[in-house]
Structures are given as C-alpha cells and as structure tokens.
Amino acid sequence: MSEQLQRDTRGRLRHLLTLDGIERGILERLLARAARHVRPAGRRPARGTALRGRTVVNLFFEPSTRTRASFTLAARRLGAEVLDFDPEGSSAAKGETLEDTLLNLQAMGADAFVVRHAEPGIHARLARVARPGVAVINAGEANISHPTQGLLDALTIRRCKGKDFARLTVAIVGDILHSRVAASATTALMALGVGELRLVAPPELLPPDSRIRAHRVVNDLDAGVAGCDVVMMLRVQRERLASTGVHVPTGAEYRQRWGLSAERLRRAKPDCIVMHPGPVNRDVELASEVMDGPQSVILDQVANGVAVRMAVLEELLAR
Ligand code: NCD
C-alpha cells in the first residue's frame with residue numbers, strides 16, 4: 001500500500017515511505033547516485049545546487065543523532081534551506097494533529113518533510129495529505145522501517161564488497177524483533193539478490209511472523225557469524241521492550257551470549273566487515289576492540305548516510 005502511495009502516476013518516486021516492493025532498478029539507481037556523492041575520508045564533502053530554493057523540514061518525534069544530522073547536511077550541501085521543527089515547543093503539545101502541522105508548514109512553502117515517529121502508519125497518513133510535489137521521507141517508523149538506513153547499509157556493503165551481492169553471506173545479529181534497521185536492511189539486501197542472509201538472534205528477539213525475510217535463522221552467534229562476508233550488529237532496543245514484554249539479559253550476560261568479540265569474529269571470513277547502525281552500546285553487543293578495529297566500517301556507514309540522503313532528496317525533489 002505504501003509502495004503505491006509513494007509513486008506518482010508515471011511510476012516515479014514522490015515520497016520515500018518504505019523499501020518494501022521497491023524495484024531493484026530504483027534501488028540500484030539510488031545507490032549509484034549516492035556513490036557519486038561519496039568522498040574519501042578527510043576530503044571536502046560533495047556539494048551541489050540541485051535543491052537551491054527548496055525547503056526541507058525535519059520532524060523528529062524520537063531521538064536521533066546520525067539520521068537527523070545527515071539529512072540536514074545532505075539538504076544544505078545541495079543548497080536547500082532546512083527547518084528543524086521542535087515537537088516539544090510546538091502546537092503538537094497543544095493537541096494539533098501532525099497532518100495539520102504538515103499542512104501549515106506546507107503553506108509556508110516546505111517542499112519535503114523528513115519524519116521520524118513511533119506511530120506505525122503515520123508517514124503514509126502524512127503522504128496522503130501532502131500537496132503534489134511535496135515529499136514525505138521516512139526517517140524511522142516505529143520498529144517497522146527505516147528506508148534510508150537500509151540504503152546506506154546496502155551502499156556500504158557495495159562499496160566494500162562490490163556490486164555482486166549474490167556472492168555474499170550476510171548476518172544480522174541481535175534485537176531483530178524491535179529493529180526497523182533490520183527490517184529495511186533485509187528488504188534492500190533481498191531485493192539486491194544477496195547470496196545468503198542470516199538472522200542471528202535468540203528466539204525471543206525474532207519476529208514471530210514472516211515480517212522479515214531472510215534465508216536462514218540461527219540461534220547461536222558462533223554458528224551465525226561462521227563464514228560471513230558481512231556481520232551487522234544491532235543494539236537491543238530497550239525503549240521498545242515494554243511494548244512486547246520481552247525480557248533480555250543486560251550487560252555482561254548479553255555480551256557473553258550475543259556480543260561480538262574479536263575472537264568470535266575470527267569465525268567469519270578474514271576480510272569480513274563489521275557494521276552497526278549506531279548508537280552502539282560499547283562492550284555490550286560489540287567489543288570495543290572490534291568497533292575500533294580494522295574490520296569495522298561503522299563510520300563509513302555514517303559517511304555514506306549523507307551521500308544516500310543527498311541521492312534521495314535529489315530523486316524526490318530535483319525535477
Ligand atoms: C537506529 C534507529 O534509530 O533506528 N539508529 C539510526 O538511525 N542510525 C538504530 C537504533 O536506535 O538502535
């Protein structure tokens with residue numbers, strides 16, 4: 001449903017609500033476009049003028065460090081004006097619906113809304129009221145999806161391992177049940193034809209249904225990372241545990257069973273890369289020596305995030 005809603009009558013993307021059902025060709029075009037915006041570490045970032053005169057509004061109703069900053073930098077580096085909407089100091093606190101907030105900001109000339117929210121379906125609702133030509137971009141929807149994160153994860157793998165995803169074995173490890181990152185990464189990787197995708201987690205942290213597609217489920221970390229080209233670690237989403245009533249051990253106990261140490265990583269291929277969407281709980285799901293070690297591409301993911309968001313903004317707005 002969201003997939004139809006995000007296309008215009010000519011089939012072009014006008015919103016980015018989900019990666020579900022998106023064509024491989026569109027994914028590849030976005031990744032290729034994003035790849036052109038990546039610069040070597042330490043060099044000046046890419047810039048352009050494609051969004052000159054445009055206004056992008058950030059509407060973040062959940063905490064964010066990377067996503068919000070990278071959307072802001074992406075929009076500014078393409079010449080757009082960025083408005084940071086603060087839900088706490090706004091009329092949302094006085095009972096205005098988010099749809100009405102969007103209509104008001106749209107009346108002031110906003111061209112795109114970058115939205116993070118804990119309520120499932122809110123992005124689609126906003127897309128339905130947005131005027132033609134005004135884009136809604138999902139920057140995180142509950143535990144459901146996080147499309148630009150899925151794209152930046154795919155871009156990071158592509159830049160490290162090449163375009164032939166069919167050769168790769170990828171493990172996603174940890175709290176898959178509550179992870180919108182896992183949901184969007186698995187969708188992107190399956191669409192790109194990944195060779196083997198493993199979900200590695202205890203049974204209580206796996207979705208009960210077939211909400212998340214993969215080739216294998218592994219309930220043991222040592223077996224899960226064996227032979228992998230890519231291992232993506234996830235944070236336990238403690239703020240979402242109450243909603244499902246799942247109990248997850250804390251600190252040392254979690255690390256013992258589900259934390260990636262340098263020793264465990266040796267079971268993967270020698271050139272295996274280690275990913276994490278951030279924020280990392282250091283020495284819980286990921287040992288510091290791995291996080292700061294040569295196989296970690298976590299900060300490349302962050303850099304690639306800006307490039308992906310530039311590509312998405314261009315795709316939706318630069319016509
Ligand atoms: C994630 C998120 O908010 O979904 N962070 C991010 O966007 N890079 C993951 C998390 O909070 O664990």
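Given the criterion surrounded by fewer than 16 Cβ atoms within 10 Å (Cβ to Cβ), without any contact (Cβ under 8 Å) to a residue 12 or more places away in the chain, assigned to a helix (DSSP H, G or I) and away from the ligand (no atom under 16 Å from the Cβ), identify the matching residue among Arg44, Arg76, Arg10.
Arg76
Restricting to segment 150-180, name every residue that is open to solvent by 10 Å² or more (accessible area, probe 1.4 Å), out of contact with any strand residue (DSSP E or B) (no Cβ under 9 Å at 6 or more places or on another chain) and either closer than 12 Å to Arg213 by Cβ or in contact (Cβ under 8 Å) with a residue 24 or more places away in the chain (or both).
Scanning segment 150-180 gives Arg158, Arg159, Ala166, Arg167, Leu177.
Regarding segment 255-275, can at least one residue be identified that is of a type outside the set (Phe, Trp, Tyr), more than 26 Å from Lys163 (Cβ to Cβ) and within 16 Å of the ligand (Cβ to nearest atom)?
Within segment 255-275 (the criterion being of a type outside the set (Phe, Trp, Tyr), more than 26 Å from Lys163 (Cβ to Cβ) and within 16 Å of the ligand (Cβ to nearest atom)), the answer is yes, since at least one residue qualifies.
Residue check: is Leu299 surrounded by 18 or more Cβ atoms within 10 Å (Cβ to Cβ) and of a type in the set (A, V, I, L, M)?
no
Could you list, in sequence order, all residues of segment 181-199 that are in a helix (DSSP H, G or I), open to solvent by 20 Å² or more (accessible area, probe 1.4 Å) and away from the ligand (no atom under 16 Å from the Cβ)?
Met190, Ala191
Report the residue count in segment 274-306 for those that are of a type in the set (A, V, I, L, M, F, W, C) and closer than 25 Å to Ala46 by Cα.
7
Here is a list: Ser179, Ser184, Ser210. Which entry is more than 22 Å from Gly227 (Cα to Cα) and in contact with a helix residue (DSSP H, G or I) (Cβ under 6 Å, 6 or more places away or on another chain)?
Ser184
Here is a list of conditions, (1) away from the ligand (no atom under 16 Å from the Cβ); (2) without any contact (Cβ under 8 Å) to a residue 12 or more places away in the chain, and Arg131 meets all of them except one; can you say which number that is?
Going through (1) away from the ligand (no atom under 16 Å from the Cβ); (2) without any contact (Cβ under 8 Å) to a residue 12 or more places away in the chain one by one, Arg131 breaks only (2).
Taking segment 61-73 as the search range and keeping residues that are in contact (Cβ under 8 Å) with a residue 24 or more places away in the chain and of a type in the set (Val, Ile, Thr), which one is most open to solvent (accessible area, probe 1.4 Å)?
Thr65
Restricting the search to segment 222-254, which residues are touching a Ser or Thr at 6+ places or on another chain (Cβ under 8 Å) and either more than 16 Å from the ligand (Cβ to nearest atom) or over 19 Å from Thr186 (Cα atoms) (or both)?
Gly227, Cys228, Asp229, Val230
Quick one: what pairs do we get from segment 94-119, first residue assigned to a loop (DSSP other than H, G, I, E, B) and among the hydrophobic types (A, V, I, L, M, F, W, C), second open to solvent by less than 20 Å² (accessible area, probe 1.4 Å) and more than 16 Å from the ligand (Cβ to nearest atom), C-beta under 6 Å, 6+ apart or different chains?
Correct list of pairs: Ala110/Val57.
Could you list, ordered by first residue, the pairs with Cβ atoms under 7 Å in which the first is in segment 206-217 and surrounded by 13 or more Cβ atoms within 10 Å (Cβ to Cβ) and the second is among the aliphatic types (A, V, I, L, M) and assigned to a strand (DSSP E or B), at least 6 apart or interchain?
Leu206/Leu199; Leu206/Val217; Ile212/Leu199; Ala214/Leu197; Ala214/Leu199; His215/Leu197; Val217/Leu199
Looking at this structure, is Val114 touching a helix residue (DSSP H, G or I) at 6+ places or on another chain (Cβ under 6 Å), among the β-branched types (Val, Ile, Thr), within 16 Å of the ligand (Cβ to nearest atom) and open to solvent by 10 Å² or more (accessible area, probe 1.4 Å)?
When the stated conditions are applied, Val114 does not pass them.
Residues Arg257, Arg267: which one is part of a loop (DSSP other than H, G, I, E, B), over 26 Å from Val308 (Cβ atoms), open to solvent by 10 Å² or more (accessible area, probe 1.4 Å) and not β-branched (Val, Ile, Thr)?
On inspection, the qualifying residue turns out to be Arg267.
Restricting to segment 270-291, give me the number of residues that are under 26 Å from Ser184 (Cβ atoms), open to solvent by less than 60 Å² (accessible area, probe 1.4 Å) and not in a loop (DSSP other than H, G, I, E, B).
The total comes to 6.
Please go through segment 64-74 and give me each residue that is of a type outside the set (A, V, I, L, M) and within 14 Å of the chain's Cα centre (by Cα), ordered by number.
Result: Ser64, Thr65, Arg66, Thr67, Arg68, Ser70, Phe71.
The values are calculated or read from the model by the stated rules, or taken from the named source; none is laboratory data. On a predicted model such as this, the values are computed, not experimentally measured, just so you know. As a convention, Cβ positions derive from the backbone with ideal geometry for all residues, glycine included, and neighbour counts pool all protein chains shown. The protein model used for the area step is the full one, side chains on, heavy atoms only, and it has no ligands, DNA or RNA in it. Shrake-Rupley method; radii C 1.70, N 1.55, O 1.52, S 1.80 Å.
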